[in-house]
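What follows is one structure encoded as structure tokens, with my remarks underneath.
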Amino acid sequence: MFQIIIAEFKHETNTFSIQPTGLSAYKHRLYAAGDEMVSLLSGTATEAGGALDILGNQPDINLIPVISADAMPAGPVTAEVYDEVSGKLIQAIQATGKVDGVLLCLHGAMVTENSEDGEGDLIEQVRKTAGKETIIIATLDLHANITLKMRQHADVLINYDFYPHTDMYERGQEAAQILLRTLRGEIRPVMVCASVPIILPPLSTYEPVMKKFVGMVHACEVIPGVQTVSIAHGFPCADIHEMGMTVVAVTDNDRELASRIAAEIAAELWHDRFILKPDNMSVSEAIEEAEAMPEGPVILADLTDNPGGGSTCD
């Protein structure tokens, strides 16, 4: 019987915001532990929902749900919250004894009061507690800043493919299936990450410039031996040293193939760097268009003054 721990700890941090993200912000949105996590998230269109729906029905799995914590984007996560949530996860690993797998549903852009790299710190803690033999898989938002710690201590990282995020459930299922196949000895995942030094503004994957790269990712995923490929767009409002884009390629024990895929997609992103931007208006263009409107009201919106990206919207 394989012992698998599942937990969720998310935040998209806007480091320019002066509004700290405390425990009340998590409890206002999502803060559930143990069986409550299962009852709230099973069957939902989330990564945790997808993973729970796969792992909860396996005869050789003892699934241990620990905690699900998610808050609206805002300023850095307080030390109190980070210590409480990470502490519950570490205590659960210690109490379980031998843990075969850990599946984490993360964002990838969490900054705390004490660290630029909330997820990297968390995955490192899990690795040190669970040991080298434990399989650690994490799902990430498409707007993740993938740090060195995250890639060093996780076996597999899986980003959403789409923005708007319409594939969260499928990515949770994918993570669970890769975890199961690894534990059962069917595959041996090897992950290669290629950093791309681009600060990408929010850009829909349905825009032609990004749709091309979604197609490249999906074409690579049908190559024999490839387990998953994804692109982290990065999150520029989390102003950290390791901000930027990353290509992630995971194969079945074929580092050369993973390296080639990651490098090819990264090179193509760099080649297209000057066209990787949304078609936004300048201030003067927006005013001209507003004045030409036959009737109102007309709203002039600053793209970065967005509560969905952690701004105070003031």
**Report entry** Subset of the range 255-296 (residues that are of a type in the set (S, T, N, Q) and outside any helix (DSSP H, G or I))
**Finding:** Asn280, Ser282
Report task. Considering only the range 165-205, state which residues are assigned to a loop (DSSP other than H, G, I, E, B) and in contact (Cβ under 8 Å) with a residue 40 or more places away in the chain. Result -> Arg184, Ile187, Arg188, Pro197, Ile198, Ile199, Leu200, Pro201, Pro202, Leu203, Ser204, Thr205
Report task. Go through the range 151-164 residue by residue and tally those that are free of Cβ contacts under 8 Å to residues at least 60 places away in the same chain and part of a strand (DSSP E or B). Result -> 0
Report task. Quick one: which residue in Val99, Val38 is of a type in the set (Val, Ile, Thr), open to solvent by less than 20 Å² (accessible area, probe 1.4 Å) and modelled with pLDDT of 95 or more? Result -> Val99
Report task. Please determine, by comparing only the residues of the range 60-96 that are within 21 Å of the chain's Cα centre (by Cα) and polar (S, T, N, Q), which one is surrounded by the fewest Cβ atoms within 10 Å (Cβ to Cβ). Result -> Thr78
Requested in this report: Within the range 17-74, work out how many residues are among the basic types (Lys, Arg) and in contact (Cβ under 8 Å) with a residue 24 or more places away in the chain.
Outcome: 1
Query raised in the report: Which of the residues spanning the range 125-150 are surrounded by fewer than 19 Cβ atoms within 10 Å (Cβ to Cβ) and free of Cβ contacts under 8 Å to residues at least 60 places away in the same chain?
Result: Gln125, Arg127, Lys128, Thr129, Gly131, Lys132, Glu133, Lys149
Query raised in the report: Only one of Ala25, Ala45, Ala7, Ala32 is open to solvent by less than 40 Å² (accessible area, probe 1.4 Å), out of contact with any strand residue (DSSP E or B) (no Cβ under 6 Å at 6 or more places or on another chain) and either modelled with pLDDT of 95 or more or among the β-branched types (Val, Ile, Thr) (or both); which?
Result: Ala25
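Residue by residue, here is whether (1) hydroxyl-bearing (Ser, Thr, Tyr); (2) more than 28 Å from Asn62 (Cβ to Cβ) holds:
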position	(1), (2)
Ala144	no, yes
Ala154	no, no
Tyr160	yes, yes
Leu179	no, no
Ala232	no, yes
Phe235	no, yes
Report summary line: Of the conditions (1) more than 23 Å from Phe213 (Cα to Cα); (2) more than 25 Å from the chain's Cα centre (by Cα); (3) assigned to a loop (DSSP other than H, G, I, E, B); (4) polar (S, T, N, Q), the single one that Thr304 does not satisfy is (2)
Report summary line: Being surrounded by fewer than 19 Cβ atoms within 10 Å (Cβ to Cβ), of a type in the set (A, V, I, L, M) and in contact (Cβ under 8 Å) with a residue 60 or more places away in the chain narrows Ala219, Ala232, Ala263 down to just Ala263
Requested in this report: Taking Asp279 as the residue in question, decide whether it is open to solvent by less than 40 Å² (accessible area, probe 1.4 Å) and among the acidic types (Asp, Glu).
Outcome: no
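The values are calculated or read from the model by the stated rules, or taken from the named source; none is laboratory data. In this text, all values refer to a predicted model and were calculated from it rather than measured experimentally. Reconstructed Cβ throughout: ideal geometry from the backbone, glycine too, with neighbour counts over all protein chains shown. The accessibility values were calculated without ligands, DNA or RNA, using every heavy atom of the protein model including side chains. Shrake-Rupley method; radii C 1.70, N 1.55, O 1.52, S 1.80 Å.
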